[in-house]
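Below: the structure, in structure tokens.
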Amino acid sequence: MPNAPKTQHRSIRIPDEDWADLLASATTQNSDRGTVIKELVAWYLRRPGAKLPARPPAT
């Protein structure tokens, strides 16, 4: 089945400014918001091998 996601869609509330800044920051690191969020959740839950995603340089 084409375009069948491996995970269920979830909704969270994030302020527009933070959402836009997260996109810009993730893009500078050749990533995307979903990947960054999943990495943060895995780290928070202490999943084996999980590491905090790299933070973008301070501006």
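Derivation of every value follows stated rules applied to the coordinates shown; laboratory data play no part. Just so it is clear, the structure is predicted and the values come from calculations on it, not from any experiment. Please note: Cβ atoms are built from the backbone with ideal geometry, for glycine as well, and neighbour counts cover all protein chains shown.
Observations on the structure shown:
- Residue, surrounded by the most Cβ atoms within 10 Å (Cβ to Cβ), within the range 1-26, restricted to residues that are of a type in the set (Ser, Thr, Tyr) and touching a helix residue (DSSP H, G or I) at 6+ places or on another chain (Cβ under 9 Å): SER25
- Which numbered condition PRO56 misses (of (1) more than 11 Å from the chain's Cα centre (by Cα); (2) touching a residue at least 12 places away in the same chain (Cβ under 8 Å); (3) part of a helix (DSSP H, G or I)): (3)
- For the range 27-53, the tally of residues that are surrounded by 10 or more Cβ atoms within 10 Å (Cβ to Cβ) and either among the acidic types (Asp, Glu) or part of a loop (DSSP other than H, G, I, E, B) (or both) stands at 8.
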